[in-house]
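K.L.:
Submitted below is the structure of interest, expressed as structure tokens.
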Amino acid sequence: MQGHGQAPANFDEKLLQMAAEIDAFEGYGHAHALRIAEIADRIGQRFNMAAHDRFFMQQAALIHDIGELTMNRDYIKDRRRLTDEERLDLQRHPVIGEQAAAKRGFSRGVQLLVRWHHEWWNGTGYPDALAGEQIPLAARIIRVADTYAALTDDRPRRHAMNETEAKAFLAEWAGIEFDPAVVKIFLELAAEAGT
């Protein structure tokens, strides 16, 4: 399921510029965060989320990795496996991102979605080890959209999966990393889009 790369009319240029800066830092050659925001919005529509909740979710999707940019670690761009120390350090980025979002005046809801975008359905995510429906629906949606977009893009440490492989990964990890209901909706949307 590809995003169109079209900026929604209701996002200001400053927010889109911030998203582009984060994408460039992480080594994406195109609008990765915007793609996540678009996928998340389509899933949110299927869950009948209110328009304002979808807007906050899209804002959070656009800046979800602002903590990585704020941390500004060289290892994020390195083409090698992270050490255990680097991996632990990187796990701080959602909390640092929450703080960065607060400093930039984003709503508390957006700040918390940035904080919780690495929580896992089974409770083994970070930073707060939330589980199941303790994780807000918007954060669960961003987790699926972010993972799919990341898997189907080339990254510094690995090549992109094709769409079939990425969808199989999501299905395999549904109920573990991902909310099964969110994965189900995502796969339905992908089938309707013919991807």
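Each value in this text was obtained by applying a stated rule to the coordinates, not by laboratory testing. Just so we're clear, the structure is a prediction, and the values are computed from it rather than from any experiment. All Cβ positions, even for glycine, are placed from backbone atoms using ideal geometry, and neighbour counts span all protein chains on display.
K.L.:
Only residues of segment 124-163 count here: report those whose backbone N is under 16 Å from the spot 7 Å along Cα→Cβ of ARG46, or say none.
P.N.:
137-149
K.L.:
Here's a follow-up. Within 10 Å, count the other beta carbons around each residue, average over each peptide in 33-40, 46-53, 185-192, 77-84, and list them highest first.
P.N.:
33-40, 185-192, 46-53, 77-84
K.L.:
Post the alpha-carbon centroid distance, segment 154-195 to segment 15-82, in whole angstrom.
P.N.:
Rounded to whole Å, the Cα centres lie 17 Å apart.
K.L.:
With n ≥ 4 as the cut-off for DSSP H runs, can you work out [θ] at 222 nm for the chain, using -39500 (n - 2.57) per run divided by the number of residues, rounded to the nearest 500?
P.N.:
About -18000 deg cm²/dmol.
K.L.:
Still on this structure, please answer the following. If eta is 1.567 mPa s and T is 4 °C, what Stokes-Einstein diffusion coefficient results for segment 30-137, Kirkwood Rh from Cα pairs, in µm²/s?
P.N.:
Rounded to a whole number, D works out at 89 µm²/s.
K.L.:
Take the chain, compute every pairwise Cα distance, and split them into 10 Å bins from 0; I just need the percent in each bin.
P.N.:
All Cα pairs, binned at 10 Å, distribute as 9, 38, 41, 11, 0 percent.
K.L.:
Under a 10 Å cutoff between Cα atoms, tell me which one of GLU68, GLU98, GLU13 has the largest fluctuation in the Gaussian network model of the chain.
P.N.:
Of GLU68, GLU98, GLU13, the most mobile in the Gaussian network model is GLU13.
K.L.:
Using 0.36 nm per residue, how much length does the chain from ARG155 to ASN122 gain when fully extended, once their Cα-Cα distance is taken away?
P.N.:
9.3 nm
K.L.:
Under a Cβ-only charge scheme (Lys and Arg +1, Asp and Glu -1), can you give me the dipole magnitude of segment 83-163 about the Cα centre, in debye to the nearest 20?
P.N.:
So the dipole magnitude of segment 83-163 works out to roughly 280 debye.
K.L.:
Magnitude of the Cβ-charge dipole of the chain, K/R +1 and D/E -1, about the Cα centre, nearest 20 debye?
P.N.:
140 debye
K.L.:
Once amide H atoms are placed 1.01 Å from N in the peptide plane, what residues at a sequence separation of 5 or more from PHE178, or on another chain, have their amide H within under 5 Å of its amide H?
P.N.:
Long-range HN contacts for PHE178: TRP121.
K.L.:
Considering only MET71, GLN17, GLY109, whose Cα is most displaced toward the positive end of the charge dipole of segment 1-115, charges sitting on Cβ of Lys, Arg (+1) and Asp, Glu (-1)?
P.N.:
Checking the options against the dipole of segment 1-115, the answer is GLY109.
K.L.:
Would you please give the residues with an amide H less than 5 Å from that of MET161, counting only those at least 5 places away or on a separate chain, with H modeled from the backbone geometry?
P.N.:
When sequence neighbours closer than 5 places are left aside, the close amide H contacts are THR152, ASP153.
K.L.:
Further question on the same structure: So if we plug the beta-carbon distance of ALA193 and GLU172 into 1/(1 + (r/R0)^6) with R0 = 25 Å, what FRET efficiency do we get, rounded to 0.05?
P.N.:
After rounding to 0.05, the efficiency reads 0.75.
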